[in-house]
Amino acid sequence: MKKKTMSLLLAASMAAASLAGGTVLAEESSEPINLTVWAPFTGTDGDVLREIVNTYNETNEDNITVQLDIMDNATLQSRFPSAVATGTGPSFVLVGIEYLNQYAENGLIEDISDFWETMGVDESNFYENVLAKSYVGDTLYGVPMQYNLQYLYYNKDIIEAAGLDPETPPATLDELKEYAIACTDASKNQYGLGLPTDSTYCVEYLWANGGDVISSDGTENLLNSQENIDTLTWLQDLVLNEGVSPQGLTAVDADTMFQAGQLAMYTSGPWNINGLNQLGINYGITAIPAGSDGAYSPEGGCSYMLTAGADDATREAVYKFMAYWLSDGTLKEWSNRNGFPVWSYSVLEDEEIQANEILLDVSEASEIGRDWHLNLSIGSRIDNDVVIPMIEKVLSGEDVAACVQEASDILDSVIAEQ
Amino acid sequence: MKNESTGRKKSSSRFHNQKSAYLFIAPSLAILTVFVFVPLFGAFGISLMNIDIYMNDISFAGIKNYLKMFGDARVGNATFHTLYFALLEVPLQVLVALVLVMFMTKNTRFHKLLRTTFYLPYVCSMTAISIMWAMLLNANYGMVPYLLGKVGIQMPNLLASVDWAMPTVILVTVWKGFGYTLTVLSAAALGVSHSLYEAAELDGANGFQKFLYVTIPGIKDTIGFCVVTTLIMSLQVFDQIYVMTSGGPQNSTETLVGYIYNRGFQTAPYDLGYASAIAVYLFLIIALITFVLRKYAFNQGGGEE
């Protein structure tokens, strides 16, 4: 009888154990969720992003697999709206914050205001100005992935060879000109300062001397001012008379020339840091130099955005990945390896971050951010139809006042059409 | 009655024959309908709408997009550059191919090798070729300016120059495409009867005269085919310009297809209606030029009547 009772007890306990085990097993093998994300990270930072995503796929306990699809930004922007309309879009996108407003306005992305509460992520741990870029009014549409400005890159070897102190980079526009002239040596095909004709970096110089292009609400044309004409004349003189920059330089050329040691200084975002480190270039990074009005640099960044029409399971899984990105370990790895400024208070205190010289320089140079039509639907028209054609003509030697007048007239029509 | 019955039989037999013919062309017709006719009429329909890439707030615009187009200086600029490209690229490509055909009228192993070599760039991707040439010609780190600099020749920054950018793109396009034209013309030239060459020889014609008075008239229709197809392609030029110059500097290489892409997909407010209006305008230009060329220049399309 005793034996029978024991065997019954054993059988019961085994059954209970197997049931309990079955429950655990069922939890572990929850339904697999496959997510897709589109991102325009075609540079070396894309390799780091892919590694982080792969690590997430291997380590997450929620059976989530994120498939990263990297494509150039023009392709992504032309494909995404039609993909959403036909229900063939990705689960979420990682794009520049300048697109957030128009995506939200046109119903391409979801309201994710419940993200902080649902995931238990402390919103106050992050810089307010960075988070603000992902809000439209009080509604959250994105989770920031990175924040950046434009910075002045300088090649320490060239500056030293020109008889200047490589540890004291130019802090004013006058010093920038002095350094650029000193570092230019046409016989060696070496230039002091890269001034491309196909990007909108010139706003940094316009702002520095008190000029501007358009009011932040997009209603007032501020282009045709004496400050702007003077600054553009100064840039034209640097290229045509002082020869500090190759004529007809493109932004891609400037990257290549800086990597090849043919360019002493140029302005760019932090996405080049990883590549420069890999090439072993002896370089430094500092803030955009100040003009008569101060120093300013256009803000930029990227956010993760949930594609419109996501079901609850997809939303939950994307939230989990977004929360993973905001964890200290991930943000730290991203900043450490790519040089993007830190925007999380807890990561900022990290010893390894504090010991990273380039990163500290970048973080220090990131305090002069200024909004460059991030929330305006006509942003790309201001770039493509107004600013780029204007700087192209100015740097090719056309009359500055006439170029500014022409650009201003186009800007008037762009404002009127919106 | 008898006649009627015979007629009905003939008509039924003709219908039977035609039915088979229709069945044969049905697959091609289906593909053409889906990928040519529907997009063509679709583009015309969209050009009459206020519609952007987000497909929100769609409304009827009438001919507003067409009126806007005629007041847009960049459409005029793009039309000029499209015609500039086509009128220089097509004759140059056909001429280079014709000159080479003159030296390759025989089917020897050496001529075959030359034809294969010239054909190679044609099978490569236009994007890859454009990237390669843009790098080779780059004034700051390109191989060509570097080597020329070594022998004391300073080359201008071709792709950054308002005057040189378009001719450079045209030359790269000719370099890529002449192999195809050469192959087609060579095939036609090999088909010209030998008796004609022998007769010309008896009349004392030299090599050039034989080419001019025997080969060229013999392959006239093929030259017409090459001109028309190359022209249609060159009026739709996009890839090489997008990769090599992005339409710059100062819009000096911006063509109609480039501008359509810019308005529809690159620059806010991503106006698909306006972009489609320009596409319809380009279609009409191509249709008109092709019709005139086929009808008058090469006497095709019913010219025998």
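The values are calculated or read from the model by the stated rules, or taken from the named source; none is laboratory data. Source: prediction; values computed, not measured. In this analysis, Cβ positions are derived from the backbone assuming ideal geometry, glycine residues included, and neighbour counts consider all displayed protein chains. Just so you know, the surface numbers come from the protein's heavy atoms only, side chains and all, with ligands and any DNA or RNA stripped out. Shrake-Rupley method; radii C 1.70, N 1.55, O 1.52, S 1.80 Å.
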Counted charge near A:Leu306, where neighbours are those whose Cβ lies closer than 13 Å (Asp, Glu -1; Lys, Arg +1): -4
With all protein chains modelled, accessible area of B:Thr116 [1.4 Å, Å²]: 90 Å²
Computed E for A:Ser78/A:Lys188 - FRET, C-beta separation, R0 25 angstrom, nearest 0.05: 0.05
Using alpha carbons only: equivalent-ellipsoid semi-axes of chain A, gyration tensor based, whole Å: 49, 26, 17
A:Leu279-A:Thr139 pseudo-label distance in nm [points 7 Å out on the Cα-to-Cβ vector]: 4.4 nm
Percent RCO, i.e. relative contact order, over region B:72-297, from Cα pairs under 8 Å lying at least 6 residues apart: 29 percent
Label-to-label distance, nm, for residues given as A:Ser413 and A:Thr86 (7 Å Cα→Cβ offset): 3.3 nm
Burial of 10 Å² or greater, region B:137-175 residues [accessible area, probe 1.4 Å, versus chain by itself]: B:Asn138, B:Asn140, B:Tyr141, B:Asn157, B:Ala160
Max mean-square fluctuation residue, GNM over chain A, Cα-Cα springs under 10 Å, options A:Met119, A:Met322, A:Met145: A:Met119
Heavy-atom accessible area order for A:Ser377, A:Ser303, largest first, 1.4 Å probe: A:Ser377, A:Ser303
Two-decimal log10 I(q)/I(0) for region A:118-252, as the Debye equation yields it once each C-alpha is a single scatterer, q = 0.18 Å⁻¹: -1.07
Rounded to whole Å, sorted largest first: equivalent-ellipsoid semi-axes of region A:260-358, Cα gyration tensor: 32, 18, 15
B:Lys112 accessible area, assembled protein chains, probe 1.4 Å, Å²: 100 Å²
Percentage of interatomic Cα-Cα distances in the protein assembly as shown larger than 40 Å: 47 percent
Whole-Å semi-axes of the ellipsoid equivalent to region A:54-147 (Cα gyration tensor, √5λ, descending): 22, 20, 13
Loop-located GluC sites (Glu not before Pro) in region A:99-173, at most 14 other Cβ atoms within 10 Å (DSSP): A:Glu167
Lysine pairs with alpha-carbon atoms under 25 Å apart, region B:72-297, spacing 8 or more or separate chains: 9
Spin-label model distance (nm) - B:Leu284 vs A:Asp122, 7 Å beyond Cα toward Cβ: 6.6 nm
Förster-model FRET efficiency, 35 Å R0, A:Asp174 and A:Val252, C-beta, rounded to 0.05: 0.75
Probe 1.4 Å - accessible area at B:Val144, Å² to nearest ten: 40 Å²
Alpha-carbon spread of chain B, three principal axes, descending order, Å: 86, 70, 29
Rounded tilt (10° steps) of A:2-28 against the dominant C-alpha axis of chain A: 20 degrees
Ratio of Rg to Rh over region A:167-312 (Cα coordinates, Kirkwood Rh, two decimals): 1.04
